[in-house]
Amino acid sequence: MPQTSSDPQPLSWQIGVVTVTRVEERISPVSWNWLVPEAAALVEQSRPWVDPYVSEDGSKLHLSVHSFVVQTPETLMVIDTCVGTRERSLPGDPNFGERLAAALPGGPDAVDVVVCTHLHFDHVGWNTIERDGQMVPTFANARYLVSKGELEAQRDEEDSESYAESIAPLLAAGCLYAVDSDHQIDSWVSLEASPGHTPGHVSVRITDGDDVGLITGDIIHTPIQLAYPTVRSNSDIDPATAIATRQRVIEEVVDTDVLLLGTHFGPPTAGHLRRHTDGIRFE
């Protein structure tokens, strides 16, 4: 059964002067066949480093849905807003909005920027809230950012419904901005094109001198894909491009000090890629 967050203290990391805080909506044990079928056969040879992210018997992936709150000296940001309160194929949590608000210095009205790494339902659900029978922006003073390619992409039925609830009201309110995939948000945070999962998918890079962090978005759903990047996600729209993106990112960050923050990784969520004699591990 799905489980909600019970950790009262969200995980937090410091990347130079930038603080990143993970706010969990829910962790759900899901079938490998539902999301990443090829990973099931690789669990045993990936132990023990993969243990935090799978069930004890290895039969399920523990899929985390969470937001990252990013605080720079200039800007308060929310990266992806999870599932929301509407019925979806992956359950949300109606109490998540309160947890997210509590993690925001100054509350929701203090948020300057909301980044949608892409427009799948589990990344945009709390973009809006219902007020007086209408869907309105949750973060009244924020600029919502999505890549131009993502906004223009075709959507399936589930994501079209999510678009109507979580994106169209932002357009009506004039607070959604279509930006380039390499858009620089402020002096420390920029977007980085990472297509394949969706056409305009972006990751989020945080840089302060030698300190670097990368919020993955959905280029990766399980750490097993870091060791075996050709393992495909069923939800990848363009699997070949998604594989190429994973391979590129892995080569760029392996054996470096770049902190990789997995958008669907449960605790400990963040780590480094290291080469070993038997392959790459997420540590």
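Laboratory data are not the source of any read-out in this text; all were calculated from the coordinates shown. Every value quoted in this text rests on a predicted model; they were computed, and no experiment measured them. Cβ atoms come from the backbone with ideal geometry, glycine included; neighbour counts cover every protein chain shown.
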key: All Cα pairs of the chain, percent lying beyond 22 Å   = 54
remark   = Ranked by GNM mean-square fluctuation in the chain (Cα springs under 10 Å), the top entry among GLN225, GLN45, GLN247 is GLN45
request  = Work out the length of the dipole vector of the range 1-109 about its Cα centre, built from +1 on the beta-carbon of each Lys and Arg and -1 on the beta-carbon of each Asp and Glu, and round it to the nearest 20 debye.
outcome  = 80
message = Taking the Cα centre as origin and putting +1 on Lys and Arg beta-carbons and -1 on Asp and Glu beta-carbons, what dipole magnitude results for the range 162-274, to the nearest 20 debye?
response = 400
key: Most to least packed among 268-275, 149-156 [average Cβ atoms within 10 Å]   = 268-275, 149-156
key: Sequence-distant residues sharing a close amide H with HIS66 (under 5 Å, placed H)   = GLU25
query = Helix 239-253 sits at what angle to the longest principal axis of the chain, using alpha carbons and giving 0 to 90 degrees rounded to 10?
reply = 80
inquiry  = Under 17 Å from a point placed 7 Å out from the Cα of GLU38 along the Cα-to-Cβ direction: which residues of the range 206-231 have their backbone N that close?
reply    = 219-231
ask   = If one computes the Cα centroid of the range 27-50 and of the range 93-116, what distance in Å separates the two points?
value = 31
remark   = Taking the dipole of the chain about the Cα centre (Lys, Arg +1; Asp, Glu -1; charges at Cβ), the one of GLY106, VAL258, GLY209 that reaches farthest to the positive side is VAL258
request  = Please name whichever of VAL83, LEU170, SER160 sits farthest to the positive end of the charge dipole of the range 69-189, dipole taken about the Cα centre and charges placed at Cβ: Lys and Arg +1, Asp and Glu -1.
outcome  = LEU170
query = Okay, helix-only estimate at 222 nm for the chain: each DSSP H run of n ≥ 4 adds -39500 (n - 2.57), divide by all residues, round to 500 deg cm²/dmol; what do you get?
reply = -4500 deg cm²/dmol
note = Tilt, helix 157-166 to longest principal axis of the chain (alpha-carbon atoms), in degrees rounded to tens, equals 50
inquiry  = If the only charges are +1 at each Lys and Arg Cβ and -1 at each Asp and Glu Cβ, what is the size of the charge dipole of the chain around the Cα centre, to the nearest 20 debye?
reply    = 220
